[in-house]
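*Asks:* One structure follows; several queries about it will come next.
The values are calculated or read from the model by the stated rules, or taken from the named source; none is laboratory data. No experiment lies behind these values; they were computed from the predicted model shown. No Cβ is skipped: glycine too gets one built from the backbone with ideal geometry, and neighbour counts run over all protein chains shown.
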Amino acid sequence: MEVFVHRSPTGLVTSDVEHVAELGEHLEGIFAAKPLDDEAEVNLEITGTWGEIRALLSEPCFRDIWHRD
């Protein structure tokens, strides 16, 4: 599975960094005009097999992404 995190349009694949803090440092430098805080929007692209993605999206942390009437 590969995870690409970006701030319009430049970013990094998570396997290119050691941990979340390093990823944050890189993302902060990409778009210096806006700080990288908990309200900053970033994009995440996940590439993997359907089995990997299905398992990931079934995790409790994703419970709020599904359509509800």
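*Asks:* Within the stretch 1-16, how many residues turn out to be at pLDDT 90 or above and over 22 Å from LEU57 (Cβ atoms)?
*Replies:* Residues in the stretch 1-16 being at pLDDT 90 or above and over 22 Å from LEU57 (Cβ atoms): 1 in total.
*Asks:* Among the residues of the stretch 2-24, write down those that are touching a residue at least 40 places away in the same chain (Cβ under 8 Å) and among the basic types (Lys, Arg).
*Replies:* none
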